[in-house]
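The numbers here are math on the coordinates, done by the rules we state, and not lab data. As the structure is a prediction and not an experimental result, all values here were calculated from the model. We place every Cβ from the backbone using ideal geometry, glycine too, and count neighbours over all the protein chains shown.
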Amino acid sequence: MDLRVAELLREFELERIEVNLFRGESRDIGAPQVFGGQVLGQALMAAYATVESHDVHSLHAYFLRRGDFNAPIVYHVDRARDGHSFDARRVVAIQHGEQIFNLSASFQVREPGLEHQVPMPDVPPPEELTDDGTPPAAVLEQLPEKQRRMFEQQRPFEFRVVEPFDYVRPQQMAATQHVWLRAVGRLPDDEHLHRCLLAYVSDYSLLATAVRPHGTAYLSGQLIMASIDHAMWFHRSPRVDDWLLYSMDSPSASGARGFARGTLHSRDGRLIASTAQEGLIRVAKPQQ
């Protein structure tokens, strides 16, 4: 197994410390705080540990405080409802005695019903695109040390961007982007794990879509960006070790907040999930 995938899977091996209490470890990805997708995915994994035969179909989460990757995160699961068709869970993530995140998730037993979906956007296949996980060395040299360290970390996912963004000299672009993504190695055949990892990776790139129309070098430190909330709806079974097309757009930015939404299609065109996120986008004041 690829070492990056093995490390990712270890992040999702939560320790049960009480009936509804779990503990997770964090991985330093080069950012100043815990990656939001990690907390989202671990919280969903904790909720799954209290559900028997249902699959998550929707979740709504709020990021309250920055997470410290040097300390474990404790997840408390509230079993809000156990029903025949639907279960509901509320998860609170705690670190250093304070809530840093909370999640509400709904789980449903599998059943047939009406079906339709929007078609997958017509974009080049991933084989025609280059891996955009790490910018070229010439670009890395021009980035501030903090941002350079983040990009130099080995990632468990590979990304191929249809509309590349110039990190050093950004231009104003449409508030849309399409990114092919997949895990760098084969994953276990575990439906719950794939849904949790899909939640994890859905936090990549989404909020950055709201910056594209402004031609702002957000990696230069000019902008302060942080996720505020994240919502997700699961429509069909995912495989995150196969190519998925993440299509994102940002209808609005205002009040120091940006809003973005996305859809995830499988390689064969099935609509797998939909996402929405609002985040802080604050222009940093120039130093005097």
#### Entry: For Gly67, distant residues with modelled amide H under 5 Å away
Val34
### Task
Tabulate in residue order the Karplus-calculated ³J(HN,Hα) for region 95-107, using 6.51 cos²θ - 1.76 cosθ + 1.60 with θ = phi - 60°, rounded to whole Hz; enter x for Gly and Pro.
8, 6, x, 10, 5, 10, 6, 9, 9, 10, 9, 10, 10
### Summary
Given all pairs of distinct Cα atoms, region 1-143 yields a Kirkwood Rh in Å of 17.7 Å
### Query
Taking θ as phi - 60°, what are the ³J(HN,Hα) couplings along region 238-247 by the Karplus curve (6.51, -1.76, 1.60), each to the nearest whole Hz, with x for Gly and Pro?
x, 10, 7, 9, 10, 4, 10, 9, 9, 9
### Message
Using Cβ counts within 10 Å as a stand-in for footprinting exposure, how do Arg282, Arg195 rank, fewest first?
### Response
Arg282, Arg195
#### Entry: Residue exposure sequence - Ile73, Ile100 - by fewest surrounding Cβ within 10 Å
Ile100, Ile73
### Message
I'd like the orientation of helix 36-48 relative to the chain: the angle between its Cα long axis and the longest Cα principal axis, in ° from 0 to 90, rounded to 10.
### Response
10 degrees
### Query
For the chain, what size does the Cα cloud have along each of its three principal axes, sorted from largest down, in whole Å?
56, 45, 42
### Likely footprinting exposure, Tyr204, Tyr75, fewest C-beta neighbours within 10 Å first
Tyr204, Tyr75
#### Entry: For the chain, share of DSSP beta bridges that run antiparallel, in % to the nearest 5
100 percent
### Task
Using a Gaussian network model of the chain whose springs link C-alpha atoms within less than 10 Å, name the residue from Leu14, Leu129, Leu271 with the highest mean-square fluctuation.
Leu129
### Query
For the chain, which longest stretch is free of loop sites, where a loop site is one of the GluC sites (Glu not before Pro) that DSSP puts outside H, G, I, E and B and that has at most 16 other Cβ atoms within 10 Å?
142-288
### Query
Measuring from centroid to centroid over Cα atoms, what is the spacing of region 1-39 and region 230-255 in Å?
21 Å
### Query
Of Ser106, Ser254, Ser266, which has the largest mean-square fluctuation in a 10 Å C-alpha GNM of the chain?
Ser254
## Note on the structure
Once phi for every residue in region 79-90 is put through the Karplus expression 6.51 cos²θ - 1.76 cosθ + 1.60 (θ = phi - 60°), the whole-Hz ³J(HN,Hα) values, with Gly and Pro written as x, are 7, 4, 7, 10, x, 5, 9, 10, 10, 10, 9, 10
